[in-house]
Amino acid sequence: MKSEDIDHINLINWFHHEFPELADDFHHFANERKCSVMEGRLLKRKGVKKGVYDFFLGLACDNYHGLWVELKVGKGKLSPEQMAFGARKTQRGYVAVAVWGFEAAKQAILAYLKSYCIYRS
């Protein structure tokens, strides 16, 4: 398993353990798949888009509609599509963050919940 896969699994497991009542509101978008050209075309027709962040917490807090998280590892960089996605979501009233590693993703989620929702675990 790649280190990014491990961080993604760890984040989901941590979130479900810490916030079981919000588990249905936390989603992963598996856009980082390898597939054939035909499968890629089918997925595109089904609505899969480049640049969509990895995770979405569909919980409106304060003046924000939810939290988008792009989780990178190591020397991973945001693609131009990811940069545009984050900017677009921010303009539309979401918090959109790019983080490197499981701990940073965890801290981003906690900061969102504590700063904007006054949520206490």
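Before we move on, is Asn10 surrounded by 14 or more Cβ atoms within 10 Å (Cβ to Cβ) and either modelled with pLDDT of 95 or more or among the basic types (Lys, Arg) (or both)? Yes, satisfied. Arg41 meets each of the listed conditions (1) in a helix (DSSP H, G or I); (2) surrounded by 14 or more Cβ atoms within 10 Å (Cβ to Cβ); (3) without any contact (Cβ under 8 Å) to a residue 24 or more places away in the chain apart from (2).
So which residues in segment 20-48 are of a type in the set (Lys, Arg) and within 22 Å of Val73 (Cβ to Cβ), if there are any at all? Write out each step before concluding.
Of all residues in segment 20-48, those of a type in the set (Lys, Arg) come to 33-34, 41, 44-46.
Within segment 20-48, Arg33, Lys34 meet the criteria.
All of Val99, Val95, Val69 fail the test of being in contact (Cβ under 8 Å) with a residue 24 or more places away in the chain, among the aliphatic types (A, V, I, L, M), out of contact with any Ser or Thr (no Cβ under 7 Å at 6 or more places or on another chain) and over 26 Å from Met1 (Cα atoms), apart from Val95. Looking at segment 1-33, which of its residues are over 18 Å from Trp100 (Cα atoms) and either touching a helix residue (DSSP H, G or I) at 6+ places or on another chain (Cβ under 9 Å) or part of a helix (DSSP H, G or I) (or both)? Listed by number, the residues that qualify are His16, His17, Glu18, Phe19, Pro20, Glu21, Leu22, Ala23, Asp24, Asp25, Phe26, Arg33. Restricting Glu18, Glu4 to those that are among the charged types (D, E, K, R), surrounded by 13 or more Cβ atoms within 10 Å (Cβ to Cβ), over 13 Å from Ala105 (Cα atoms) and within 19 Å of the chain's Cα centre (by Cα) reduces the list to Glu18. In this structure, does Val48 turn out to be surrounded by 18 or more Cβ atoms within 10 Å (Cβ to Cβ) and either outside any helix (DSSP H, G or I) or in contact (Cβ under 8 Å) with a residue 24 or more places away in the chain (or both)? Judged against the criteria, Val48 is not a match. Where residues in segment 39-68 are more than 14 Å from Lys89 (Cα to Cα) and modelled with pLDDT of 85 or more, which of them is nearest to the chain's Cα centre (by Cα)? Of everything passing the filter in segment 39-68, Leu59 is nearest to the chain's Cα centre (by Cα).
The values are calculated or read from the model by the stated rules, or taken from the named source; none is laboratory data. Note that the structure is a prediction, hence the values are computed from the model and not measured. Cβ coordinates were reconstructed from backbone atoms using ideal geometry, including for glycine residues, and neighbour counts include every protein chain displayed.
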